[in-house]
Amino acid sequence: MKPLAVFCLTLCCGIAAVRVVDGYFTVLLAAGYGLTALVSVVVMLAYRFKAPTTATLAMSTLGFTLGMGRTAHYYLSLKAGMTVDSCFLSGIVASPPSTTTNRTSFLFYSYAPRHAWYSVSIWRSRDEAGYDPALGDALVIAGQPQASHSRGNPDEFDYGSWLWVQGISGIVNVEASGIFRSPDDGSGYSAISPAVRMRVGALQWRERLLARLKSLSMPDDITAMLSAIALGDRTSVGPGLKEMYSEAGASHLLALSGLHLGLVTGMILWLMQGLRFNRRWRLYANTFLLAVVWTFAFLAGLPTSLLRASLMTTFWLAAASLERADSPLQHLLLAVTAMLLWHPPFLFDVGAQLSCAAVVGILVGMPLIEYSIGDERLFKVRLKLMRLHLLAPVKLLLVLCCAQMATLPLLVYYFNSFSPYAPLFNLVYIPLTVFLVAATFLLLVMATAFAAGAATLAMGLVFVAGLQWDVMRYQNSLPLATLHVVPYRKAQPQLLVYNNRSCPAMHIVLAPDKSYLLMPRAEDVYDGLHGIRHTFWHRRLTAEPVVLDNVNKVRLYGKTLLMLNRRQGRVARSACSEGIDLLWLCDKFNGSLHDIPVKPRLVVLDPSLSSSGRRRIASEAASLGVACYDIALQGALQLRLPL
């Protein structure tokens, strides 16, 4: 196991080194693969002549160079997806589209002009009709890929880094008129790799199962939760439900992982426990179990935590079929190595880090606890717990404590909070979740053949889910239910123009309990800004901002702020008589700077403007000698007050 551990550790170091350098990828690619080939020969010679020290050093060098080469290759493949000569992308919709008031977004796999992944957003006005794409549709998109970067909103999720980890080359924003159905002649579909076709086919199967689940007339929140814990679809889980699970330290229940996969494999092993197999039939049974594991993984969309668990199960079944010694820690190292060689950015995936840390904590912590107790005393403790029927709950509590301690540094680093009661209350949540997952699978089977029984079972699911949520609400109401390691600093006086194309907003913060929102559409404040509300507002403000309805001009510390959109262009001359310090153009403004009688000091271009409109206005500002700030390119605008 030692050479494998050394190789895995240095592989991580090689990946991290390229991420830190962030350049010279062609040189790093050549150096990484070239040194890998050279060091591989050294490794083979070292093992041939039984030189363990040389072999260990060579394995460490091999891991570092291979990680460096694979990561540089990954960077170059992502950049190749951005250097397309054509403005037309041909491919298929590779994820279920998510639709809001004026946007439809989905993952798009392009096979022409290059094989690459893109995040596509189709924008349309409220009353504009158009084609709604579905999962698996072949499309031609008239749009130019843009680099994926953080939007710059305070305390917001880093979307650009997430796209990089997921292997998405860039984002494509297109109007509804720029989407065309591809001719269905089969030539394009044959150009798609089998892995992508398997993924899309599994997601289409999942969509049919989700439609069957939604047809049972359960409450929307219950259906969304069951879809997440049983089928891995979290798109319908609302922010309030996610926040409740997060505060309770139970977010792992909504993300498919080894817990859910263990339940699936456990049910199959329980059904087969009375059967006696010889070696040949045992191999067939393991092959069947392996097929079920990977079918479930593809059905759930291959999240990193479930991918890790599936690989570990694969190595465990392989060892059992070959009658080799079982080593869970070695299976974990093999799984991590395979994941990083296939997709190096998994090293920076938060879900993968938490999943691996929890498994390491369990595999290392439980033997340490048993060793500290001692064999003789451990036997007496187990016997006493068995008599009290408490052995399983105590073991589960110790496992949860080991996982909590191992993941605590990551939880503090990424989320700045943790729940001290989580291990204790998970003794309730996990059995309830096991029941909910098993009952959901049974419900999907019964929905087609036994409708009356399915309705009764659905009522039971609603009751159990409500019971779990009542316990979570009680936990979250306890003192010190959620501990923030570093208290969030309250917002200082500042002016913010958010980078939010679907819901333009200017936020004037005078104090944590006194702030105002200037918006072209005040009715969108709750739906359009829900992400910012649950991060920046919740952490930095003590009161909700006041929405300035039907207002487009504000005087602030002797400065004039003016908002112009497509409906307020005529107000420009009457509102500009006293000068403009900041002119914010948003919501498809189609006027010209030359029509404004007073030259503004700063023009702010909102991402809700079209790309051609932003370029035109930026050119006009340059000709007039006016400073221009493009939020779509430079991120959210943040200015301290007073200006």
- Item | Selected residue (only one of Gln475, Gln568 is at pLDDT 90 or above and open to solvent by less than 50 Å² (accessible area, probe 1.4 Å)) | Gln475
- Message: Scan region 618-629 and tell me whether some residue there is crowded, with 17+ Cβ neighbours inside 10 Å, in contact (Cβ under 8 Å) with a residue 24 or more places away in the chain and within 34 Å of the chain's Cα centre (by Cα).
- Response: yes
- With respect to Leu203, is the statement that it is farther than 30 Å from Tyr526 by Cα and surrounded by 19 or more Cβ atoms within 10 Å (Cβ to Cβ) true? yes
- Message: Could you check region 280-314 and list, in sequence order, the residues that are in a helix (DSSP H, G or I), of a type in the set (A, V, I, L, M) and under 30 Å from Pro345 (Cα atoms)?
- Response: Leu289, Leu290, Ala291, Val292, Val293, Ala297, Leu299, Leu306, Leu307, Ala309, Leu311, Met312
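For residues that are among the charged types (D, E, K, R) and surrounded by 15 or more Cβ atoms within 10 Å (Cβ to Cβ), scanning just region 587-600, find the one that is farthest from the chain's Cα centre (by Cα). Give the steps one after another, and end with the answer.
We begin by selecting, within region 587-600, every residue among the charged types (D, E, K, R); these are 587-588, 595, 599.
Cutting the leftovers down to surrounded by 15 or more Cβ atoms within 10 Å (Cβ to Cβ) gives us 587-588, 599.
Numbers: Asp587: 29, Lys588: 30, Lys599: 44 Å.
Per the stated criteria, the residue is Lys599.
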- Starting from region 252-274, take each residue that is within 27 Å of Val350 (Cα to Cα) and list its partners that are in a loop (DSSP other than H, G, I, E, B), counting only C-beta distances under 6 angstrom and pairs at least six apart or across chains. Leu256/Gly232; Leu256/Ala300; Leu256/Pro303
- Is region 382-402 home to any residue that is surrounded by 16 or more Cβ atoms within 10 Å (Cβ to Cβ), part of a helix (DSSP H, G or I), modelled with pLDDT under 90 and among the β-branched types (Val, Ile, Thr)? yes
- Task: Tell me which residues, restricted to region 384-421, are among the aromatic types (Phe, Trp, Tyr) and in contact with a helix residue (DSSP H, G or I) (Cβ under 6 Å, 6 or more places away or on another chain).
- Result: Tyr414, Phe418, Tyr421
- Message: Please verify whether Gly69 is under 30 Å from Leu9 (Cα atoms) and without any contact (Cβ under 8 Å) to a residue 60 or more places away in the chain, treating the condition exactly as stated.
- Response: yes
- Given the conditions (1) open to solvent by 30 Å² or more (accessible area, probe 1.4 Å); (2) under 26 Å from Phe288 (Cα atoms), report the number of the one that Leu363 does not fulfil. (2)
- Query: Which of the residues belonging to region 412-431 are part of a helix (DSSP H, G or I), surrounded by fewer than 17 Cβ atoms within 10 Å (Cβ to Cβ) and over 24 Å from the mean Cα position of the chain (by Cα)?
  - Reply: Leu424, Leu427, Val428, Pro431
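Answer yes if at least one residue in region 328-335 is over 30 Å from Tyr75 (Cα atoms) and not aromatic (Phe, Trp, Tyr), and no otherwise. Give the steps one after another, and end with the answer.
First, the residues of region 328-335 that are over 30 Å from Tyr75 (Cα atoms): 328-329.
Filter once more, keeping what is not aromatic (Phe, Trp, Tyr): 328-329.
Among the residues of region 328-335, at least one is over 30 Å from Tyr75 (Cα atoms) and not aromatic (Phe, Trp, Tyr), which makes the answer yes.
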- Message: I'd like to check something: does region 170-191 contain any residue that is at pLDDT 85 or above and in contact with a Cys (Cβ under 9 Å, 6 or more places away or on another chain)?
- Response: no
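In the list Phe348, Phe277, Phe296, which residue meets the criterion of being modelled with pLDDT of 85 or more, of a type outside the set (Ser, Thr, Tyr) and open to solvent by 40 Å² or more (accessible area, probe 1.4 Å)?
On the way: Phe277 fails: modelled with pLDDT of 85 or more; Phe296 fails: open to solvent by 40 Å² or more (accessible area, probe 1.4 Å).
It is Phe348.
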- Query: Which one is surrounded by the most Cβ atoms within 10 Å (Cβ to Cβ) among residues in region 44-81 that are at pLDDT below 75 and outside any helix (DSSP H, G or I)?
  - Reply: Ala51
- Query: Considering region 524-542 alone, what residues qualify as being open to solvent by 40 Å² or more (accessible area, probe 1.4 Å) and free of Cβ contacts under 8 Å to residues at least 40 places away in the same chain?
  - Reply: Tyr526, Arg533, His538
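Going by the conditions given, is Ser119 open to solvent by less than 30 Å² (accessible area, probe 1.4 Å), among the polar types (S, T, N, Q) and part of a loop (DSSP other than H, G, I, E, B)? Reasoning before the result, please.
Values: open to solvent by less than 30 Å² (accessible area, probe 1.4 Å): yes; among the polar types (S, T, N, Q): yes; part of a loop (DSSP other than H, G, I, E, B): no.
So Ser119 does not fit the description; no.
The values are calculated or read from the model by the stated rules, or taken from the named source; none is laboratory data. These figures come from a predicted structure and were not determined experimentally. So basically every Cβ, Gly included, is an ideal-geometry build from the backbone, and we count neighbours across all protein chains shown. To get the accessible areas, we keep the full protein, side chains included, count just its heavy atoms, and leave off ligands, DNA and RNA. Shrake-Rupley method; radii C 1.70, N 1.55, O 1.52, S 1.80 Å.
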